[in-house]
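Comments concern the structure below.
The values are calculated or read from the model by the stated rules, or taken from the named source; none is laboratory data. Just so it is clear, the structure is predicted and the values come from calculations on it, not from any experiment. Because the Cβ atoms are built from the backbone with ideal geometry, glycine has one as well, and the counts that use them run over all protein chains shown.
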Amino acid sequence: MPPIAQLLLSLLPLTTSTHFPPHDPNLRDEIVAPLRGLQSQVELDAWAAQIREKALDKVFANIGRDPDYFFTWTRDAALTASGLLSLLPLLPSNTSPAIAAASSQPDTRSYISHDSTNRTLSFFSDYVDGQLVLQKLSNPSGTYETLEGLGEPKFHPNLTAYLGDWGRPQRDGPALRASAVMQYIDYMTSAGPLDPAFGDKAIQLVRADLDYTAKYWNHTTFDLWEEVKGSSFFTTIAQFHALRHGAAFFASIDARRSQEYKEEAKKALCFAQEYLEDGEAGKWVRSNINIENGVKRNDLDANSMLATLLSPPSSICASHLFTPCSAHSLTNLASVIRSFTSLYPINHDGETSLVASIPLPREQTQPQMTFSTSFSRPLRPIAVGRYSEDTYYGGNPWYLTTLAAAEQLYRASTIWKREGRVQVSGDGAFWERVVGLPVGAGVYESGTDDIYEEMLEKVRDFADGMLDVVRQYIPQTGQVDEQIDKVTGAGRSARDLTWSYIALLTTLRARSDSLAASWLSPRSARAATSDETWLHELECPPPSDYNGTMSVGFELEVETKWGETVFLAGSSPSLGSWDVSRAIRLSARDYTSPKPLWKTKKAVEIEGRRGIEWKIVKLQADGSVVWEAGENRVFYTSSSGSRTIATRWRGA
Ligand code: NOJ
């Protein structure tokens, strides 16, 4: 096969489309229905064993049906690459991966066949070659020279740029790609030296991706769903992990870069804390902040569950790291799943009244801003989508988002098992509402606390429940699409989506790890060495140390009497930190009776990337101050750019 053809073959499996015409959902009804109702874990085990190689074949197969619909996404490709790596057998040092796959030594778990191991290994060399070409292509996001071009989200599979309109840039791609390639190099070098020619190419690819990430992590981006322009939690976490890994990876290659990556990793992780919100059931992650393109949602989004899966297997549960077992990640998971209850008919199992009350298809006319993070009933495993206001293909659950919840929980239980303890934080909502165990705050240890085993078991049961939901909607052919039709349960939207297959495989792998007696891969053991203590002891600098500013103009309609003036006061230093004597005085230059406008004379430079609270204030002729009624107003700033806020005084 000529090299270019070989290269294409390796890229095509990583391509998907978001532009499939809807296919007839009734086609697969009769296949889906008989699979409902899991009786035992054994049944799930048997299904997992038979679907595994099928799914892997799909990842490797050239699955194109109509080339017009096919692209390669940097994100999907990188997640597939790193997912494949997680399936490989563990390497005792000085054992080649091929030997390890065939070996029966107890610590080399041949999770996939010898053949698949070899396919995965040869895939990586094509992957690196292909991505080097894409990385250098000039495209609508920019060029290789300024690095901006690396933010381009998708390409044609013949390795040319896609020039149509799209949500760009998407800044998670380079970070995910760097992480996948570093994981691969770590994996290979644990068995022996790398082929130098391959090593040079791979390091060149990783270096540019990390330089890009270090330079641009603080800039707004389109989110992983390619819809919201702002700051996306998944992207920030992807960037943090890439930089964290890069700092260790480059320590012996390029000390200056290693230091720079470490500094930027700290900032990105500190910035990640800004996505946290207090909810009734504990903290949750607002997946999109600093939104620039006007998208309004409740922001409970599978984005945040997927982000936890980017943590290395060696992770600990510290909350600020957002690993699968972090307290915040767990209450967030509960809140995200909760946001989908009552949304999809397939989740109601015969509760017809509920089904009937859901308008179908669910068209979005108004942004849905009312939501709750409280729990009136314990959660049960259900199919979940991307976010509850989704209207793409009518808004359906997705395979990969439902699997993300299962994978997060399997991985959490593996970490707890490795640590021999579970720490429950104050809110306990996860344990009570998801797991059904009303455990109080405290540390539960293996061997000491009887309930420890039960806790792990119940978490795995819930994860099995989520996996079983997905299983019900995979026909016997093993075909996994992008979405699950919310009414019929048939596959919808992009057929044979590679990301869905790899999500299924990594979830099954995480499940089998969580069931294994004890397991810690040599790779992950290495990653957990003390040179990462800086991460665990992170102290965040004030955000102003690493944020730019946004120019915000205000146009406020406030009726005033002669002698009154209008100010705006707010939480940021630029708005006087709620001190009215330092508030911003507005101008009545354009005030008319039909339109009583008070405006900023020039835009205010407001500290970037944060939530700003503010209010309008009147200074009356006698010197007294009147605050407008209601809650503080809130908006999010980005690190650059400008916007105008136009609104009116809220009377009492
Ligand atoms: C649409 C999804 O929203 C996006 O995340 C993904 O990268 C592309 N489809 C390709 O699968």
Tally, over the range 450-468, of residues that are surrounded by fewer than 18 Cβ atoms within 10 Å (Cβ to Cβ) and touching a Lys or Arg at 6+ places or on another chain (Cβ under 9 Å): 0
Number of positions in the range 481-495 that are closer than 22 Å to Gly83 by Cα, in a loop (DSSP other than H, G, I, E, B) and in contact with a strand residue (DSSP E or B) (Cβ under 7 Å, 6 or more places away or on another chain): 3
Complete set of residues in the range 560-576 that are surrounded by 12 or more Cβ atoms within 10 Å (Cβ to Cβ) and within 17 Å of Gly623 (Cα to Cα): Thr560, Glu564, Thr565, Val566, Phe567, Leu568, Ala569
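Taking strands (runs of 3 or more DSSP E) that do not extend beyond the range 560-618, which have at least 3 residues that are not aromatic (Phe, Trp, Tyr)?
Values: elements: 565-570, 597-599, 604-607.
In the range 560-618, 565-570, 604-607 are the strands (runs of 3 or more DSSP E) which contain 3 or more residues that are not aromatic (Phe, Trp, Tyr).
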The range 640-652, residues that are in contact with a strand residue (DSSP E or B) (Cβ under 7 Å, 6 or more places away or on another chain) and over 12 Å from Val617 (Cα atoms): Ser640, Gly641, Ser642, Arg643, Thr644, Ile645, Ala646, Thr647
Filtered residues of the range 577-624 (kept if crowded, with 19+ Cβ neighbours inside 10 Å, modelled with pLDDT of 95 or more and among the small types (Gly, Ala, Ser)): Ala583
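Here is a list: Arg609, Arg582. Which entry is under 22 Å from Asn218 (Cα atoms) and out of contact with any strand residue (DSSP E or B) (no Cβ under 6 Å at 6 or more places or on another chain)? Talk me through it step by step, then tell me what you get.
Numbers: Arg582 fails: under 22 Å from Asn218 (Cα atoms).
Arg609 is the lone residue from the list that is under 22 Å from Asn218 (Cα atoms) and out of contact with any strand residue (DSSP E or B) (no Cβ under 6 Å at 6 or more places or on another chain).
When you scan the range 229-287 for strands (runs of 3 or more DSSP E) that lie fully inside it, which ones turn up with 2 or more residues that are in contact (Cβ under 8 Å) with a residue 24 or more places away in the chain and buried (at least 21 other Cβ atoms within 10 Å of the Cβ)?
229-232, 282-285
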Unmet requirement for Gly548, which otherwise passes all of (1) more than 25 Å from the chain's Cα centre (by Cα); (2) of a type in the set (Gly, Ala, Ser); (3) at pLDDT below 95: (1)
Wholly enclosed helices (runs of 4 or more DSSP H) of the range 327-436 bearing at least 3 residues out of contact with any Cys (no Cβ under 8 Å at 6 or more places or on another chain) and modelled with pLDDT of 70 or more: 327-338, 399-419
Hits in the range 146-185 (condition: surrounded by fewer than 24 Cβ atoms within 10 Å (Cβ to Cβ), away from the ligand (no atom under 16 Å from the Cβ), of a type outside the set (D, E, K, R) and over 20 Å from the mean Cα position of the chain (by Cα)): Thr146, Leu147, Gly149, Asn158, Leu159, Thr160, Ala161, Leu163, Ile185
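Does the range 496-510 contain at least one residue that is assigned to a loop (DSSP other than H, G, I, E, B) and buried (at least 20 other Cβ atoms within 10 Å of the Cβ)?
From the range 496-510, those assigned to a loop (DSSP other than H, G, I, E, B) are 496-497; that's our starting set.
Retained after the next criterion (residues that are buried (at least 20 other Cβ atoms within 10 Å of the Cβ)): 496-497.
There is at least one residue in the range 496-510 that is assigned to a loop (DSSP other than H, G, I, E, B) and buried (at least 20 other Cβ atoms within 10 Å of the Cβ).
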So Phe198, is it buried (at least 23 other Cβ atoms within 10 Å of the Cβ) and either closer than 22 Å to Ala77 by Cα or within 16 Å of the ligand (Cβ to nearest atom) (or both): no
